[in-house]
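Take a look at the structure set out below.
The values are calculated or read from the model by the stated rules, or taken from the named source; none is laboratory data. Predicted, not measured: the structure shown is a model, and the values here were computed from it. Every residue, glycine among them, receives a Cβ derived from its backbone with ideal geometry; neighbour counts consider all protein chains shown. Remember, those area values only see protein heavy atoms, side chains included, never the ligands or the DNA or RNA. Shrake-Rupley method; radii C 1.70, N 1.55, O 1.52, S 1.80 Å.
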Amino acid sequence: MVDKHLLLGDEALALGALHAGLSGVYAYPGTPSTEITEYIQRHPLTKERGIHCDWCTNEKTAMEAALGVSFAGKRALVCMKHVGMNVCADAFVNSAVTGANGGLVIAACDDPSQHSSQNEQDSRFYADFAMMPCFEPSNQQEAYDMVQEAFDYSEAYHIPVLMRLTTRMAHSRAVVRQAHQPAPENELHFPPKDRERFWVTLPGISRARVKELAEEQNKFRQDSESSGDNMYKDGPDHRLGIVTCGIAYNYLMENFLEGCKYPVLKVTRYPFPTELLKKMSGSCKTILVIEEGQPLIEEKLRGLLYDEYEGNGFVKVKGRLDGTLPRTGELNPDHVRNALGLEPLQAYAEARMTVPRPPALCQGCGHRDFYTALNAVLKRYEGAKVFGDIGCYTLGYMSPFNAIHSCVEMGASLTMAIGAANSGVWPSVGVIGDSTFTHSGMTGLLDAVNSKADITLCISDNLTTGMTGGQDSAGTGKLERICAAIGVEEDHTRTIVPLPKNYPEMEKVIEEEINYHGVSVVICRRECIQTAKRHAAAKNR
Ligand code: SF4
(Lines give C-alpha, C1' and ligand atoms only; values in the text may rest on other atoms or scores of the structure.)
Protein backbone atom coordinates (compact mmCIF):
# COMPACT_ATOMS: atom_id res chain seq x y z
CA MET A 1 0.00 0.00 0.00
CA VAL A 2 1.33 3.45 -0.90
CA ASP A 3 -0.53 6.52 0.35
CA LYS A 4 0.40 9.92 -1.01
CA HIS A 5 0.23 13.17 0.96
CA LEU A 6 0.92 16.75 -0.17
CA LEU A 7 2.95 18.12 2.74
CA LEU A 8 5.11 21.00 3.92
CA GLY A 9 8.60 19.93 4.99
CA ASP A 10 7.49 20.54 8.59
CA GLU A 11 4.41 18.37 8.08
CA ALA A 12 6.39 15.59 6.41
CA LEU A 13 8.68 15.47 9.43
CA ALA A 14 5.65 15.46 11.73
CA LEU A 15 3.92 12.63 9.84
CA GLY A 16 7.15 10.62 9.77
CA ALA A 17 7.44 11.01 13.54
CA LEU A 18 3.83 9.88 14.05
CA HIS A 19 4.38 6.87 11.82
CA ALA A 20 7.57 6.04 13.74
CA GLY A 21 5.52 5.42 16.90
CA LEU A 22 5.80 8.84 18.53
CA SER A 23 4.54 9.12 22.11
CA GLY A 24 5.00 12.86 22.69
CA VAL A 25 5.90 16.12 20.97
CA TYR A 26 7.27 18.97 23.09
CA ALA A 27 7.73 22.40 21.54
CA TYR A 28 7.62 26.16 21.83
CA PRO A 29 6.22 27.90 18.73
CA GLY A 30 8.67 29.70 16.48
CA THR A 31 8.88 30.34 12.74
CA PRO A 32 9.65 28.20 10.74
CA SER A 33 9.09 25.23 13.07
CA THR A 34 5.55 25.79 14.37
CA GLU A 35 3.75 23.68 11.76
CA ILE A 36 5.43 20.46 12.96
CA THR A 37 3.60 20.51 16.28
CA GLU A 38 0.38 21.94 14.81
CA TYR A 39 0.23 19.06 12.31
CA ILE A 40 0.67 16.50 15.08
CA GLN A 41 -1.97 18.27 17.18
CA ARG A 42 -4.63 17.94 14.47
CA HIS A 43 -3.69 14.48 13.15
CA PRO A 44 -6.33 11.80 13.98
CA LEU A 45 -3.65 9.37 15.22
CA THR A 46 -2.76 11.83 17.99
CA LYS A 47 -6.27 11.69 19.44
CA GLU A 48 -6.62 7.98 18.81
CA ARG A 49 -3.41 7.17 20.68
CA GLY A 50 -3.49 10.00 23.22
CA ILE A 51 -0.11 11.35 22.06
CA HIS A 52 1.08 14.23 24.24
CA CYS A 53 1.15 17.44 22.18
CA ASP A 54 0.68 20.57 24.36
CA TRP A 55 2.88 23.63 23.87
CA CYS A 56 5.61 24.02 26.48
CA THR A 57 6.62 27.13 28.40
CA ASN A 58 9.95 27.30 26.57
CA GLU A 59 12.39 25.18 24.58
CA LYS A 60 14.34 24.13 27.66
CA THR A 61 11.28 22.70 29.39
CA ALA A 62 10.34 21.05 26.10
CA MET A 63 13.76 19.41 25.73
CA GLU A 64 13.76 18.19 29.33
CA ALA A 65 10.22 16.77 29.13
CA ALA A 66 11.19 14.89 25.97
CA LEU A 67 14.26 13.56 27.72
CA GLY A 68 11.94 12.23 30.41
CA VAL A 69 9.87 10.45 27.75
CA SER A 70 13.04 8.94 26.33
CA PHE A 71 14.12 7.82 29.82
CA ALA A 72 10.79 6.02 30.07
CA GLY A 73 11.60 4.14 26.86
CA LYS A 74 9.16 5.93 24.55
CA ARG A 75 9.77 8.05 21.47
CA ALA A 76 9.75 11.85 21.77
CA LEU A 77 10.13 14.73 19.36
CA VAL A 78 11.26 18.24 20.40
CA CYS A 79 10.59 21.13 17.97
CA MET A 80 11.86 24.67 17.90
CA LYS A 81 13.27 27.41 15.75
CA HIS A 82 17.05 27.83 15.63
CA VAL A 83 17.29 30.45 18.41
CA GLY A 84 15.31 28.09 20.64
CA MET A 85 18.43 25.91 20.56
CA ASN A 86 20.13 28.60 22.65
CA VAL A 87 17.37 28.35 25.24
CA CYS A 88 17.58 24.56 25.51
CA ALA A 89 21.34 24.31 24.98
CA ASP A 90 22.09 23.07 28.50
CA ALA A 91 19.63 20.20 28.24
CA PHE A 92 20.49 19.54 24.59
CA VAL A 93 24.24 19.20 25.09
CA ASN A 94 23.82 17.11 28.23
CA SER A 95 21.32 14.82 26.49
CA ALA A 96 24.23 13.56 24.36
CA VAL A 97 25.91 12.62 27.66
CA THR A 98 22.90 10.91 29.25
CA GLY A 99 22.12 9.35 25.89
CA ALA A 100 18.65 8.27 24.82
CA ASN A 101 16.62 5.23 25.84
CA GLY A 102 13.45 5.62 23.79
CA GLY A 103 14.20 7.38 20.50
CA LEU A 104 14.75 11.13 20.92
CA VAL A 105 14.76 13.49 17.94
CA ILE A 106 15.25 17.26 18.15
CA ALA A 107 13.88 19.16 15.13
CA ALA A 108 15.53 22.57 14.75
CA CYS A 109 14.35 24.84 11.95
CA ASP A 110 16.85 27.47 10.89
CA ASP A 111 15.86 30.81 9.40
CA PRO A 112 18.59 32.03 7.02
CA SER A 113 17.88 35.60 5.82
CA GLN A 114 16.10 36.11 9.16
CA HIS A 115 12.56 36.27 7.80
CA SER A 116 11.31 36.16 11.37
CA SER A 117 14.39 35.95 13.57
CA GLN A 118 17.03 38.06 15.24
CA ASN A 119 19.98 36.09 13.80
CA GLU A 120 20.67 33.30 11.30
CA GLN A 121 22.66 30.87 13.44
CA ASP A 122 23.08 27.37 12.06
CA SER A 123 21.88 24.51 14.29
CA ARG A 124 24.29 22.01 12.75
CA PHE A 125 27.02 23.58 14.90
CA TYR A 126 25.10 22.52 18.02
CA ALA A 127 25.09 18.88 16.90
CA ASP A 128 28.76 19.17 16.02
CA PHE A 129 29.91 20.38 19.41
CA ALA A 130 27.50 18.13 21.34
CA MET A 131 28.98 15.20 19.29
CA MET A 132 25.46 14.23 18.25
CA PRO A 133 24.47 12.91 14.81
CA CYS A 134 22.62 15.40 12.62
CA PHE A 135 20.23 14.53 9.78
CA GLU A 136 19.47 17.15 7.14
CA PRO A 137 16.83 16.20 4.56
CA SER A 138 16.86 17.96 1.20
CA ASN A 139 13.22 17.30 0.31
CA GLN A 140 9.89 16.46 1.94
CA GLN A 141 10.13 12.72 1.24
CA GLU A 142 13.51 12.62 2.95
CA ALA A 143 12.09 14.56 5.90
CA TYR A 144 9.39 11.88 6.26
CA ASP A 145 11.75 8.93 5.81
CA MET A 146 14.72 10.28 7.72
CA VAL A 147 12.88 11.15 10.92
CA GLN A 148 11.92 7.47 11.14
CA GLU A 149 15.55 6.48 10.59
CA ALA A 150 16.53 9.03 13.21
CA PHE A 151 14.30 7.39 15.85
CA ASP A 152 15.70 3.95 15.01
CA TYR A 153 19.25 5.29 15.10
CA SER A 154 18.64 7.05 18.39
CA GLU A 155 17.53 3.79 20.00
CA ALA A 156 20.19 1.64 18.36
CA TYR A 157 23.04 3.87 19.57
CA HIS A 158 21.43 5.43 22.67
CA ILE A 159 21.96 8.91 21.29
CA PRO A 160 19.54 11.76 20.52
CA VAL A 161 19.54 12.91 16.89
CA LEU A 162 19.21 16.50 15.66
CA MET A 163 17.16 17.04 12.50
CA ARG A 164 17.79 20.33 10.78
CA LEU A 165 15.45 22.03 8.32
CA THR A 166 15.69 25.54 6.89
CA THR A 167 12.84 27.93 6.05
CA ARG A 168 12.25 26.94 2.40
CA MET A 169 12.39 23.25 3.23
CA ALA A 170 10.09 23.70 6.20
CA HIS A 171 7.56 25.82 4.32
CA SER A 172 7.44 24.35 0.81
CA ARG A 173 5.10 21.56 -0.17
CA ALA A 174 5.67 18.31 -2.11
CA VAL A 175 4.17 14.85 -2.45
CA VAL A 176 5.25 12.38 0.21
CA ARG A 177 4.71 8.65 -0.19
CA GLN A 178 3.81 6.58 2.83
CA ALA A 179 4.84 2.98 2.29
CA HIS A 180 3.82 1.34 5.57
CA GLN A 181 1.32 1.48 8.40
CA PRO A 182 2.19 3.55 11.51
CA ALA A 183 4.46 1.70 13.91
CA PRO A 184 3.10 1.09 17.42
CA GLU A 185 4.34 3.15 20.35
CA ASN A 186 7.10 1.68 22.53
CA GLU A 187 6.11 0.04 25.79
CA LEU A 188 7.32 1.69 28.99
CA HIS A 189 10.86 0.46 29.68
CA PHE A 190 13.84 1.95 31.49
CA PRO A 191 17.49 2.33 30.50
CA PRO A 192 19.38 -0.99 30.49
CA LYS A 193 21.51 -1.80 33.54
CA ASP A 194 24.81 -0.95 31.81
CA ARG A 195 23.58 2.53 30.85
CA GLU A 196 21.37 3.66 33.70
CA ARG A 197 24.26 5.38 35.54
CA PHE A 198 24.82 7.74 32.58
CA TRP A 199 21.55 9.45 33.43
CA VAL A 200 23.23 10.87 36.56
CA THR A 201 25.78 13.32 35.21
CA LEU A 202 28.11 13.39 38.20
CA PRO A 203 31.58 14.17 36.87
CA GLY A 204 32.96 10.75 37.78
CA ILE A 205 30.23 9.08 35.72
CA SER A 206 29.84 11.48 32.85
CA ARG A 207 33.63 11.62 32.30
CA ALA A 208 33.47 7.97 31.24
CA ARG A 209 30.43 8.64 29.10
CA VAL A 210 32.00 11.67 27.36
CA LYS A 211 35.01 9.46 26.51
CA GLU A 212 32.66 6.82 25.12
CA LEU A 213 30.81 9.46 23.12
CA ALA A 214 34.08 10.73 21.62
CA GLU A 215 35.06 7.17 20.69
CA GLU A 216 31.66 6.62 19.10
CA GLN A 217 32.23 9.44 16.61
CA ASN A 218 34.04 7.11 14.19
CA LYS A 219 31.12 4.70 14.30
CA PHE A 220 28.68 7.55 13.65
CA ARG A 221 30.88 8.67 10.77
CA GLN A 222 31.05 5.19 9.23
CA ASP A 223 27.27 4.90 9.45
CA SER A 224 26.98 8.28 7.84
CA GLU A 225 29.25 7.09 4.96
CA SER A 226 27.37 3.85 4.40
CA SER A 227 23.77 4.79 5.16
CA GLY A 228 22.88 5.58 1.55
CA ASP A 229 21.45 8.92 2.69
CA ASN A 230 24.71 10.68 1.89
CA MET A 231 25.17 10.29 -1.82
CA TYR A 232 28.13 10.67 -4.15
CA LYS A 233 27.32 10.86 -7.86
CA ASP A 234 30.10 11.09 -10.37
CA GLY A 235 29.88 13.34 -13.42
CA PRO A 236 31.91 13.57 -16.63
CA ASP A 237 33.47 16.99 -15.95
CA HIS A 238 36.03 16.85 -13.11
CA ARG A 239 37.16 20.47 -13.38
CA LEU A 240 34.76 21.08 -10.50
CA GLY A 241 33.33 18.97 -7.67
CA ILE A 242 30.27 20.14 -5.74
CA VAL A 243 29.41 19.41 -2.11
CA THR A 244 25.90 20.46 -1.14
CA CYS A 245 23.12 19.77 1.36
CA GLY A 246 19.52 20.56 2.25
CA ILE A 247 17.46 22.80 0.00
CA ALA A 248 20.66 23.99 -1.72
CA TYR A 249 20.84 20.59 -3.45
CA ASN A 250 17.60 21.49 -5.24
CA TYR A 251 18.94 24.90 -6.29
CA LEU A 252 21.89 23.08 -7.86
CA MET A 253 19.89 20.41 -9.65
CA GLU A 254 17.40 22.93 -11.08
CA ASN A 255 20.30 23.97 -13.29
CA PHE A 256 20.98 20.42 -14.48
CA LEU A 257 17.65 18.84 -15.31
CA GLU A 258 19.37 16.05 -17.26
CA GLY A 259 21.84 15.38 -14.43
CA CYS A 260 24.79 17.42 -13.16
CA LYS A 261 27.90 17.29 -15.32
CA TYR A 262 30.12 17.71 -12.25
CA PRO A 263 30.63 15.13 -9.47
CA VAL A 264 28.22 15.91 -6.62
CA LEU A 265 28.34 14.90 -2.97
CA LYS A 266 24.94 15.43 -1.36
CA VAL A 267 25.23 15.51 2.43
CA THR A 268 22.16 14.56 4.45
CA ARG A 269 23.84 13.07 7.50
CA TYR A 270 26.60 14.25 9.80
CA PRO A 271 29.29 13.54 11.03
CA PHE A 272 30.54 14.63 7.62
CA PRO A 273 31.25 11.66 5.30
CA THR A 274 35.00 12.10 4.74
CA GLU A 275 35.48 8.89 2.70
CA LEU A 276 32.85 10.03 0.19
CA LEU A 277 34.64 13.36 -0.02
CA LYS A 278 37.87 11.55 -0.90
CA LYS A 279 36.21 10.10 -4.00
CA MET A 280 35.78 13.65 -5.19
CA SER A 281 38.93 15.29 -3.93
CA GLY A 282 41.05 12.60 -5.64
CA SER A 283 40.08 13.92 -9.06
CA CYS A 284 38.57 17.42 -8.65
CA LYS A 285 41.00 20.26 -8.13
CA THR A 286 38.31 22.75 -7.24
CA ILE A 287 35.41 22.01 -4.90
CA LEU A 288 32.41 24.31 -4.59
CA VAL A 289 30.40 24.05 -1.36
CA ILE A 290 26.76 25.10 -1.65
CA GLU A 291 25.09 25.05 1.77
CA GLU A 292 22.22 26.98 3.34
CA GLY A 293 23.25 28.69 6.55
CA GLN A 294 26.75 29.20 7.87
CA PRO A 295 29.79 27.64 6.16
CA LEU A 296 30.05 24.55 8.38
CA ILE A 297 30.90 22.06 5.62
CA GLU A 298 33.14 24.57 3.88
CA GLU A 299 35.20 25.09 7.02
CA LYS A 300 35.43 21.35 7.61
CA LEU A 301 36.58 20.78 4.03
CA ARG A 302 39.35 23.32 4.33
CA GLY A 303 40.65 21.39 7.35
CA LEU A 304 40.13 17.94 5.83
CA LEU A 305 41.72 18.79 2.51
CA TYR A 306 44.60 20.55 4.24
CA ASP A 307 45.29 17.27 6.09
CA GLU A 308 45.03 15.27 2.91
CA TYR A 309 47.36 17.41 0.87
CA GLU A 310 49.56 18.70 3.66
CA GLY A 311 48.63 22.22 2.92
CA ASN A 312 50.08 22.45 -0.57
CA GLY A 313 46.91 24.13 -1.84
CA PHE A 314 46.24 21.29 -4.26
CA VAL A 315 42.45 21.45 -3.91
CA LYS A 316 40.78 24.83 -3.95
CA VAL A 317 37.62 25.15 -1.82
CA LYS A 318 35.06 27.74 -2.95
CA GLY A 319 31.85 28.80 -1.28
CA ARG A 320 30.65 31.44 1.13
CA LEU A 321 34.04 32.15 2.69
CA ASP A 322 35.79 33.28 -0.50
CA GLY A 323 32.81 35.25 -1.83
CA THR A 324 31.81 32.78 -4.57
CA LEU A 325 28.45 32.69 -2.76
CA PRO A 326 27.03 35.39 -0.46
CA ARG A 327 28.46 35.15 3.07
CA THR A 328 25.04 35.54 4.71
CA GLY A 329 21.37 35.11 3.86
CA GLU A 330 19.37 32.45 2.06
CA LEU A 331 20.70 31.06 -1.17
CA ASN A 332 18.58 30.98 -4.31
CA PRO A 333 18.96 29.37 -7.73
CA ASP A 334 20.55 32.53 -9.15
CA HIS A 335 23.27 32.54 -6.50
CA VAL A 336 24.08 28.99 -7.53
CA ARG A 337 24.01 29.87 -11.25
CA ASN A 338 26.35 32.76 -10.59
CA ALA A 339 28.75 30.49 -8.66
CA LEU A 340 28.72 28.08 -11.62
CA GLY A 341 29.44 30.90 -14.09
CA LEU A 342 25.94 30.71 -15.65
CA GLU A 343 23.71 33.65 -16.62
CA PRO A 344 20.75 34.47 -14.29
CA LEU A 345 17.37 33.14 -15.43
CA GLN A 346 14.56 35.56 -16.22
CA ALA A 347 12.05 33.43 -14.26
CA TYR A 348 13.93 33.99 -11.00
CA ALA A 349 14.27 37.72 -11.67
CA GLU A 350 10.50 37.92 -12.18
CA ALA A 351 9.82 35.96 -9.01
CA ARG A 352 11.85 38.52 -7.09
CA MET A 353 9.77 41.41 -8.44
CA THR A 354 7.20 40.89 -5.66
CA VAL A 355 7.25 44.08 -3.63
CA PRO A 356 8.10 43.27 -0.01
CA ARG A 357 5.53 44.46 2.53
CA PRO A 358 6.96 45.79 5.78
CA PRO A 359 5.40 44.05 8.80
CA ALA A 360 2.94 46.07 10.89
CA LEU A 361 0.71 45.54 13.91
CA CYS A 362 -2.81 44.55 12.80
CA GLN A 363 -5.41 47.31 12.76
CA GLY A 364 -7.30 47.16 16.05
CA CYS A 365 -4.51 45.30 17.89
CA GLY A 366 -4.30 46.02 21.61
CA HIS A 367 -0.53 46.57 21.37
CA ARG A 368 -1.31 49.70 19.33
CA ASP A 369 -3.42 51.16 22.11
CA PHE A 370 -0.87 50.23 24.72
CA TYR A 371 1.97 51.97 22.83
CA THR A 372 -0.20 55.04 22.21
CA ALA A 373 -0.80 55.40 25.95
CA LEU A 374 2.81 54.58 26.91
CA ASN A 375 4.20 57.14 24.45
CA ALA A 376 1.82 59.81 25.75
CA VAL A 377 3.07 59.21 29.30
CA LEU A 378 6.77 58.98 28.49
CA LYS A 379 6.65 62.31 26.67
CA ARG A 380 6.40 63.81 30.14
CA TYR A 381 9.79 62.38 31.21
CA GLU A 382 13.24 63.21 29.94
CA GLY A 383 15.56 60.27 29.45
CA ALA A 384 12.96 57.49 29.54
CA LYS A 385 14.13 54.26 27.94
CA VAL A 386 11.94 51.33 26.90
CA PHE A 387 13.40 47.84 26.58
CA GLY A 388 11.37 45.65 24.25
CA ASP A 389 11.16 41.93 23.68
CA ILE A 390 10.28 39.27 21.10
CA GLY A 391 6.72 39.18 19.78
CA CYS A 392 4.25 41.13 17.64
CA TYR A 393 4.84 44.09 19.98
CA THR A 394 8.46 44.34 18.74
CA LEU A 395 6.80 46.22 15.87
CA GLY A 396 6.34 49.05 18.36
CA TYR A 397 9.83 50.01 17.19
CA MET A 398 8.38 51.02 13.80
CA SER A 399 6.56 54.21 12.92
CA PRO A 400 4.23 55.63 14.01
CA PHE A 401 5.07 54.36 17.51
CA ASN A 402 8.88 54.40 17.64
CA ALA A 403 8.31 53.22 21.17
CA ILE A 404 11.17 50.83 22.06
CA HIS A 405 14.91 51.23 22.26
CA SER A 406 16.03 47.58 22.32
CA CYS A 407 14.99 44.03 21.46
CA VAL A 408 17.63 41.34 21.91
CA GLU A 409 16.17 37.96 22.83
CA MET A 410 13.38 36.31 24.78
CA GLY A 411 13.17 37.90 28.23
CA ALA A 412 15.85 40.57 27.79
CA SER A 413 13.35 43.43 28.17
CA LEU A 414 13.06 43.45 31.93
CA THR A 415 16.59 42.29 32.72
CA MET A 416 18.01 45.03 30.48
CA ALA A 417 15.64 47.46 32.20
CA ILE A 418 17.13 46.35 35.54
CA GLY A 419 20.69 46.92 34.31
CA ALA A 420 19.81 50.29 32.85
CA ALA A 421 18.02 51.33 36.07
CA ASN A 422 21.09 50.26 38.06
CA SER A 423 23.10 52.56 35.80
CA GLY A 424 20.91 55.58 36.44
CA VAL A 425 18.30 55.39 33.69
CA TRP A 426 14.86 56.59 34.82
CA PRO A 427 12.18 55.80 33.91
CA SER A 428 13.40 52.34 32.90
CA VAL A 429 10.52 50.43 31.33
CA GLY A 430 10.35 46.85 30.06
CA VAL A 431 7.76 45.72 27.51
CA ILE A 432 7.10 42.03 27.16
CA GLY A 433 4.27 39.80 25.92
CA ASP A 434 2.49 37.25 28.06
CA SER A 435 4.00 34.22 26.32
CA THR A 436 7.51 35.68 26.33
CA PHE A 437 7.10 36.58 30.01
CA THR A 438 6.44 32.97 31.00
CA HIS A 439 9.05 31.72 28.50
CA SER A 440 11.98 33.72 29.87
CA GLY A 441 10.77 36.72 31.85
CA MET A 442 9.73 35.33 35.22
CA THR A 443 13.26 34.69 36.50
CA GLY A 444 14.24 38.23 35.51
CA LEU A 445 11.28 39.59 37.44
CA LEU A 446 12.51 37.70 40.52
CA ASP A 447 15.90 39.39 40.06
CA ALA A 448 14.12 42.74 39.90
CA VAL A 449 12.19 42.03 43.10
CA ASN A 450 15.26 40.73 44.95
CA SER A 451 17.36 43.73 43.96
CA LYS A 452 14.49 46.20 44.52
CA ALA A 453 15.06 47.57 41.02
CA ASP A 454 13.34 50.80 40.07
CA ILE A 455 11.60 49.52 36.96
CA THR A 456 8.15 49.28 35.48
CA LEU A 457 7.34 46.14 33.53
CA CYS A 458 4.49 46.33 31.05
CA ILE A 459 3.12 42.92 30.09
CA SER A 460 1.15 43.33 26.89
CA ASP A 461 -1.12 40.33 27.37
CA ASN A 462 -2.96 39.26 24.21
CA LEU A 463 -3.92 35.89 25.75
CA THR A 464 -2.02 33.95 23.09
CA THR A 465 1.30 33.52 21.31
CA GLY A 466 0.26 35.95 18.59
CA MET A 467 3.32 36.24 16.39
CA THR A 468 3.45 32.55 15.49
CA GLY A 469 -0.25 32.21 14.73
CA GLY A 470 -2.11 32.10 18.02
CA GLN A 471 -0.89 29.08 19.97
CA ASP A 472 -1.81 28.71 23.63
CA SER A 473 0.14 30.94 26.00
CA ALA A 474 1.39 29.27 29.18
CA GLY A 475 0.49 32.22 31.44
CA THR A 476 -3.09 32.82 30.34
CA GLY A 477 -5.24 33.56 33.40
CA LYS A 478 -2.28 33.37 35.77
CA LEU A 479 -0.19 36.52 35.31
CA GLU A 480 -1.35 38.45 38.39
CA ARG A 481 -0.82 35.37 40.58
CA ILE A 482 2.63 34.74 39.07
CA CYS A 483 3.66 38.34 39.76
CA ALA A 484 2.36 38.12 43.33
CA ALA A 485 4.13 34.80 43.91
CA ILE A 486 7.39 36.28 42.62
CA GLY A 487 7.01 39.10 45.13
CA VAL A 488 5.67 42.09 43.23
CA GLU A 489 3.48 44.12 45.60
CA GLU A 490 -0.22 43.67 44.94
CA ASP A 491 -0.78 47.45 44.88
CA HIS A 492 1.77 47.73 42.11
CA THR A 493 0.45 44.98 39.87
CA ARG A 494 -2.17 46.84 37.87
CA THR A 495 -4.33 45.58 35.03
CA ILE A 496 -5.70 47.79 32.26
CA VAL A 497 -7.67 47.16 29.07
CA PRO A 498 -5.95 48.70 26.03
CA LEU A 499 -8.75 50.43 24.12
CA PRO A 500 -8.94 54.02 22.82
CA LYS A 501 -11.82 54.82 25.18
CA ASN A 502 -9.56 53.87 28.11
CA TYR A 503 -6.58 56.12 27.21
CA PRO A 504 -7.07 58.51 30.17
CA GLU A 505 -7.20 55.62 32.65
CA MET A 506 -4.31 53.78 30.96
CA GLU A 507 -2.09 56.88 31.07
CA LYS A 508 -2.96 57.47 34.73
CA VAL A 509 -2.05 53.90 35.73
CA ILE A 510 1.18 53.82 33.71
CA GLU A 511 2.27 57.19 35.08
CA GLU A 512 1.51 56.21 38.69
CA GLU A 513 3.54 53.02 38.36
CA ILE A 514 6.48 54.78 36.73
CA ASN A 515 6.48 57.23 39.62
CA TYR A 516 6.59 54.36 42.11
CA HIS A 517 10.28 53.78 42.92
CA GLY A 518 10.34 50.00 43.03
CA VAL A 519 9.20 47.09 40.92
CA SER A 520 5.82 47.66 39.35
CA VAL A 521 3.93 45.65 36.75
CA VAL A 522 1.25 46.97 34.41
CA ILE A 523 -0.67 44.21 32.63
CA CYS A 524 -2.39 45.46 29.47
CA ARG A 525 -4.85 42.73 28.62
CA ARG A 526 -6.93 42.40 25.48
CA GLU A 527 -7.17 39.34 23.27
CA CYS A 528 -5.32 39.31 19.95
CA ILE A 529 -7.97 40.24 17.39
CA GLN A 530 -6.89 37.42 15.08
CA THR A 531 -7.48 34.72 17.70
CA ALA A 532 -10.62 36.54 18.89
CA LYS A 533 -12.01 36.28 15.33
CA ARG A 534 -11.14 32.60 15.16
CA HIS A 535 -12.73 31.92 18.54
CA ALA A 536 -15.90 33.79 17.50
CA ALA A 537 -16.09 31.86 14.21
CA ALA A 538 -15.64 28.55 16.02
CA LYS A 539 -18.43 29.46 18.44
CA ASN A 540 -20.81 30.25 15.57
CA ARG A 541 -20.14 26.99 13.74
S1 SF4 B 1 -1.55 38.91 15.41
FE2 SF4 B 1 -2.70 39.62 17.20
S3 SF4 B 1 -1.17 40.38 18.62
FE4 SF4 B 1 -0.18 40.21 16.64
S5 SF4 B 1 -0.38 42.23 15.69
FE6 SF4 B 1 -2.14 41.04 15.01
S7 SF4 B 1 -3.77 41.47 16.50
FE8 SF4 B 1 -1.82 42.12 17.40
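Accessible surface area normalised per residue over the chain is 43 Å², counting heavy atoms of protein chains with a 1.4 Å rolling probe.
When the square roots of the Cα gyration tensor eigenvalues are ordered a ≥ b ≥ c, the ratio a/c for the range 132-242 is 1.5 or more and a/b does not exceed b/c, which makes its shape oblate. P(r) tail, the range 484-541: Cα-Cα pairs separated by more than 16 Å, 56% of all pairs.
Using alpha-carbon pairs under 8 Å, 6+ residues apart, how would you state the relative contact order of the range 64-164 in percent? Here the relative contact order equals 33 percent.
Translational diffusion coefficient, Stokes-Einstein: compute it for the range 107-184 using the Kirkwood radius over C-alpha pairs as Rh, at 37 °C and 0.692 mPa s, and state it as an integer in µm² s⁻¹. Diffusion coefficient, whole number: 239 µm²/s. Working ranking of peptides 52-63, 423-434, 103-114, 484-495 by packing, defined as the average number of other Cβ atoms within 10 Å per residue, highest first, is 103-114, 423-434, 52-63, 484-495.
What's the long-distance tail for the range 262-341, i.e. % of Cα pairs beyond 18 Å? When every Cα pair of the range 262-341 is considered, 39 percent fall beyond 18 Å. Please determine, in degrees from 0 to 90 and to the nearest 10, the orientation of helix 529-540 with respect to the longest principal axis defined by the Cα atoms of the chain, where the helix direction is its Cα long axis. The two axes meet at around 90 degrees.
The modelled label-to-label distance between A536 and Y157, using points 7 Å beyond Cα along the C-beta direction, is 5.4 nm.
Farthest toward the positive end of the dipole of the chain, out of V97, H171, G424, is the Cα of H171, where the dipole comes from beta carbon charges about the Cα centre. Out of the total accessible area of the range 198-303 (probe 1.4 Å, heavy atoms of protein only), what percent is carbon and sulfur? It is 53 percent, rounded to a whole number. With R₀ set to 45 Å, the beta-carbon distance separating I205 from Q346 gives a calculated FRET efficiency near 0.15. Above 18 Å, the calculated P(r) of the range 417-483 contains 38 percent of its Cα-Cα pairs. Counting only DSSP beta bridges with both residues in the chain, the antiparallel share comes to about 20 percent. Relative contact order of the chain, taken over Cα pairs closer than 8 Å and 6 or more residues apart, is 11 percent. The calculated pair-distance distribution of the range 386-503 uses every alpha carbon pair, bins of 10 angstrom beginning at 0, and gives 14, 46, 35, 5 percent.
By the compact-protein rule of thumb, 2.2 N^0.38 Å, the alpha-carbon radius of gyration of the chain corresponds to a ratio of 1.06.
The packing ranking of peptides 41-47, 161-167, highest mean first, is 161-167, 41-47, where packing means the average number of other beta carbon atoms within 10 angstrom of each residue. Considering every alpha-carbon pair of the range 38-170, the percent of pairs per 5 Å bin, from zero through the bin containing the longest distance, is 2, 11, 20, 24, 23, 14, 5, 1. Charging the Cβ of each Asp and Glu at -1 and of each Lys and Arg at +1, and nothing else, the dipole of the chain about its Cα centre rounds to 560 debye. Highest mean packing first, where packing is the average number of other Cβ atoms within 10 Å per residue, the peptides 76-86, 258-268 line up as 76-86, 258-268.
Per-atom-type breakdown for the range 1-96 gives carbon and sulfur 51% of the accessible area (1.4 Å probe, protein chains only). Coupling constants for the range 224-234 follow from the phi torsions by the Karplus curve (6.51 cos²θ - 1.76 cosθ + 1.60, θ = phi - 60°), and in residue order they are 5, 5, 9, 5, x, 6, 6, 9, 10, 10, 6 Hz; glycine and proline get x. Subtracting the Cα-Cα distance of A376 and V175 from 0.36 nm times their residue separation leaves 67.0 nm of extension gain. Placing unit charges on each Cβ (+1 for Lys and Arg, -1 for Asp and Glu) gives the range 390-541 a dipole about its Cα centre, and among G470, G441, I459 the Cα reaching farthest toward its positive end belongs to G470. How far, in degrees from 0 to 90, does helix 9-19 lean away from the longest principal axis of the Cα atoms of the chain, to the nearest 10? Approximately 80 degrees, to the nearest ten.
In this simple spin-label model, placing a label point 7 Å from the Cα along the Cα-to-Cβ direction at both E409 and D491 gives a separation of 3.8 nm. The share of accessible area on the range 482-541 that comes from carbon and sulfur is 53 percent, using a 1.4 angstrom probe. Label zone of L499 (point 7 Å out along Cα→Cβ, amide N under 13 Å): in the range 519-533 this covers 525-527.
Considering only DSSP beta bridges whose two residues both sit in the range 401-532, what percent are antiparallel, to the nearest 5? Approximately 5 percent, going by the DSSP bridge assignments. For the range 443-541, the share of alpha carbon pairs falling in successive 10 Å distance bins from zero is 15, 40, 31, 11, 2, 0 percent.
In this entry, the range 1-87 is assigned a mean projected area of 5.9 nm², taken as a quarter of its C-alpha convex hull surface.
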